[in-house]
Amino acid sequence: MKDLSLQSSIVPSGAIYKEVVVIGNGPSGIALSYQLAGNLPFYNGNAHVDEMLTARLRSAPKGISIIQQDLPFLSQGLEGRSSNPVSLLVDALLHPWADQGLNLPPLVDWQYVPEYTIDHVVLGKSMPGGAWQTMDPNIVTISLDNWMELPGMPWSKWEAEFNRNKQRNPQRTTVSQVAAYYSDYVAAMNISDYFRSETVVTSVRPINNTDEGALWKVEGYDLTTLDPFTYTCRRVVLATGASDMPNQLAVPGENSNPDWVFHDLVAFQHAVEQLSNQVVETQNGVKCIEPVAIVGAGLSAADAVLLASSWSLPIIHVFRGAGITPDRMLPEAMYPEYHKVCQMMKKSSSSVPGYTPYPEHKVLDLIDSTSGREIYLSSPQGQITTHNVTLVAVLIGSRPDLSYLPTEYQDGMKLGLNVNRPVDCRSNPILVNPWNRSVVNAEEGLYAVGPLSGDNFVRFIVGGTFAVVHGIHRKRKLERCA
């Protein structure tokens, strides 16, 4: 799909050419850079529990990387927690039978093959690790620790070589550990030179084919120096994740009271800590102050409930449904804290001291009046109640920021599975070709990986980046033969 009206042939004289520009330096961007730097997976002969997959792997000629093989053939019949076939394939190779609780050795080894190196740059707002560098460092991950690892550096090897302390729970880890792993990974895998961190991308536009074969122009600026930059490239890969812009309730007072209404768990945590440092009386172990209100029923909202509870603050918990059921991948023995919150949400207000659930309620208004800070709620029967509060945390999900794309694609419009709705990483991801992750409803050379393409777990994002690299090498081979 090519709209010449969107194209701009004006390229500054100082523009830098790269074959690939990656936007986003989280785990998707890091995994992609490692593979673009010439690191390829080779089947090591280990057997998979799926005998048919083992047979398909062993049928390939010896010494041929998986990147050079027939992905539809290798992926057939695989099932799992991703709708993308290559993500399922690579997950099966790296974490065989993980969903069945097995911790088996991988079926591939990674080797550096210099002639497969692709010149690229990875742009990111923070240091390598993306959103993992800005989240609350004390939160425990949903995924197991080895599910957070990237190709070529097992989590256990990192812990040993970098003298990282093991967590109390050997199967889960903290955000701070994950952030450290990703920073160390970029250095250990010798891909630091491909990263340009602390940058903001302001514009991505298709251009007329240049002398180098560039099809896209990427513009932005350095956050430290404020100096602008321009890259031209043949391919742009969107790897920005899903957490750039928090979802909002769209009610009065939501954005006019930033000192007590928060859309970010880290900011809410800082406010809770300041509030909790106040010396106040307690009754039945709960502080005698106005409650904090938490809006949402996801895991971030649950984290907020656990945070406020740990400081003995009274809580009003507002959510649309009747309660939440833990994901089937969250067994109670491994995730007791989330199951505890689920049980709290299902019980009556008198069951847990200091905690009052408001199921099937909606927020109507947030007001800072003469009588104090107030939240207005509407019950399923339409009854309106008013509650005095100290803080409000609105944690109802987030969406990607795609404002740098051409005007007709703002908010991801026309790019998702439903072209009439903005892109949402869970319900309306970008529609991509499953075998190379090129964006179906965009000009040639635009790709999407990670949550943008529906892979919301690190385990599966490696498969998406693998598909991109596979597609690039396949296209290169076709061009050489033409």
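The values are calculated or read from the model by the stated rules, or taken from the named source; none is laboratory data. As the structure is a computational prediction, the values presented were derived from the model and not from experiment. Heads up, the Cβs are rebuilt from the backbone with ideal geometry, glycines too, and the neighbour counts pull from every protein chain shown. All accessible areas refer to the heavy atoms of the entire protein, side chains included, with ligands and DNA or RNA removed. Shrake-Rupley method; radii C 1.70, N 1.55, O 1.52, S 1.80 Å.
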task = Return only the number of the condition from (1) open to solvent by less than 20 Å² (accessible area, probe 1.4 Å); (2) touching a Cys at 6+ places or on another chain (Cβ under 6 Å) that E281 does not satisfy.
result = (1)
ask   = Cβ-Cβ below 8 Å, separation at least six or inter-chain, first residue in region 259-280 and within 12 Å of L307 (Cβ to Cβ), second open to solvent by 20 Å² or more (accessible area, probe 1.4 Å) and basic (K, R): which pairs?
value = S276/K287
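Results for (1) open to solvent by 30 Å² or more (accessible area, probe 1.4 Å); (2) among the hydroxyl-bearing types (S, T, Y); (3) farther than 18 Å from P151 by Cα; (4) touching a strand residue (DSSP E or B) at 6+ places or on another chain (Cβ under 8 Å), shown as yes or no for each residue.
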{"site": "L32", "(1), (2), (3), (4)": "no, no, no, yes"}
{"site": "M52", "(1), (2), (3), (4)": "yes, no, yes, no"}
{"site": "Q69", "(1), (2), (3), (4)": "no, no, yes, no"}
{"site": "P72", "(1), (2), (3), (4)": "yes, no, yes, no"}
{"site": "L102", "(1), (2), (3), (4)": "yes, no, yes, no"}
{"site": "V108", "(1), (2), (3), (4)": "no, no, no, yes"}
query = Which condition number in (1) of a type in the set (V, I, T); (2) in a loop (DSSP other than H, G, I, E, B); (3) crowded, with 20+ Cβ neighbours inside 10 Å is the one that T225 fails?
reply = (3)
request  = Those residues that are surrounded by fewer than 17 Cβ atoms within 10 Å (Cβ to Cβ) and in a loop (DSSP other than H, G, I, E, B), I need them from region 191-207; list them, please.
outcome  = E198
key: region 110-131: number of residues that are of a type outside the set (A, V, I, L, M, F, W, C) and surrounded by 17 or more Cβ atoms within 10 Å (Cβ to Cβ)   = 8
inquiry  = Can you say whether E212 is charged (D, E, K, R), in a loop (DSSP other than H, G, I, E, B) and under 30 Å from V318 (Cα atoms), as far as the supplied structure shows?
reply    = no
message = Can you confirm whether V266 is out of contact with any strand residue (DSSP E or B) (no Cβ under 8 Å at 6 or more places or on another chain), aliphatic (A, V, I, L, M) and not in a loop (DSSP other than H, G, I, E, B)?
response = yes
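In this structure, does N420 turn out to be open to solvent by less than 10 Å² (accessible area, probe 1.4 Å) and either modelled with pLDDT of 90 or more or not hydrophobic (A, V, I, L, M, F, W, C) (or both)?
For N420, the condition - open to solvent by less than 10 Å² (accessible area, probe 1.4 Å) and either modelled with pLDDT of 90 or more or not hydrophobic (A, V, I, L, M, F, W, C) (or both) - is not met.
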